[in-house]
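Reviewing the structure listed below.
Read-outs throughout are calculated quantities, based only on the coordinates presented, and are distinct from any laboratory measurement. Small disclaimer: the values here were computed from a predicted structure and weren't measured. Here Cβ is always computed from backbone atoms with ideal geometry, including for glycine, and neighbour counts include all displayed protein chains.
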Amino acid sequence: MYYNENRNYGARTYEEEFATIRGMNAFISRVYGWMFLGLLLTAGVAFYVAGNARLIYTIFSNSFLLYGLMIGEVILVAVLTARITRMRFASAMTMFLVYAALNGVTLSSLLIYFTGESITSAFVITAVTFGIMSIYGYFTRTDLTQFRSILFMGLIGILVLSLVNIFLRSSGLVWVISLVSLFVFLGLTAYDMQKLKGYYFGTHGNVALRNNLGIIGALSLYLDFINLFLTFLRLFGRSRD
């Protein structure tokens, strides 16, 4: 549900309005801080694993282990999302960081397959576009929840096309998937940024609940960033071969 931070609570002084905006900005800053912490942990784990040939071989030569890690990631996200309002903040943060670490393990193969220049370029492009869409999501007066169904349909389309392409192995379809992913995750970045305002105002001063929802917000933004990065890497990345 979208909450308008400008709704009328009765006559409020300038100082009260300023305090409200300052509180909201502090909350959003914390959420982005948690997101960046997750990204740093993912990057650190990925570089560590990629630099250990024995560890890379152990993980990626064992399908049972690799798929187990992936399933573990899905379970963590599902549990965190379903139980976030009933969890302690420390537990929610721990699960988020464990997920980020596991993601670093599974993404470490990218450091082996793609050139360092490709990875750096994709990261810079991702950071710039993510920042632009976050700023748009913060300042826009448009209620972005009206696009939620379209974005969700886009996600379903990406999933279906990706499953189909497992069998077709079509390079053309990869481009289609990448372009759809680009627009979907750019839209989700703005939407998830705006959703943080809803978390702040919708919790009505319940700091514990607000912080827990902030972890979900950080997870959503983290996933937006990672998927944008993977999309740009697919579009512009060069392999080491």
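Some points to look at:
- Shape index of the chain: Rg/Rh, with Rg the Cα radius of gyration and Rh the Kirkwood radius from the inverse mean 1/r over Cα pairs, equals 1.00.
- Gained length - Tyr67 relative to Thr85, 0.36 nm times residue gap less alpha-carbon distance: 3.6 nm
- Distant alpha-carbon pairs in the stretch 130-210 (separation over 15 angstrom), percent: 63 percent
- In this simple spin-label approximation, Phe152 and Val164 carry label points 7 Å from Cα along the Cα→Cβ vector, and these lie 2.2 nm apart.
- Counting Lys and Arg as +1 and Asp and Glu as -1 over every other residue whose Cβ lies under 14 Å from the Cβ of Leu221, the net charge comes to +1.
- Computed label-point distance, nm, for sites Ala78 and Tyr138 using a 7 Å Cα→Cβ extension: 3.6 nm
- Note on Thr115/Leu179: beta-carbon distance plugged into 1/(1 + (r/R0)^6) with R0 of 25 Å gives a FRET efficiency of 0.65.
- Net charge over other residues, Cβ less than 12 angstrom from the Cβ of Gly116 (K, R count +1; D, E count -1): +1
- For the stretch 153-206, the set of trypsin sites (Lys or Arg not before Pro) satisfying both a DSSP loop assignment and a count of at most 13 other C-beta atoms within 10 Å is given as Arg169.
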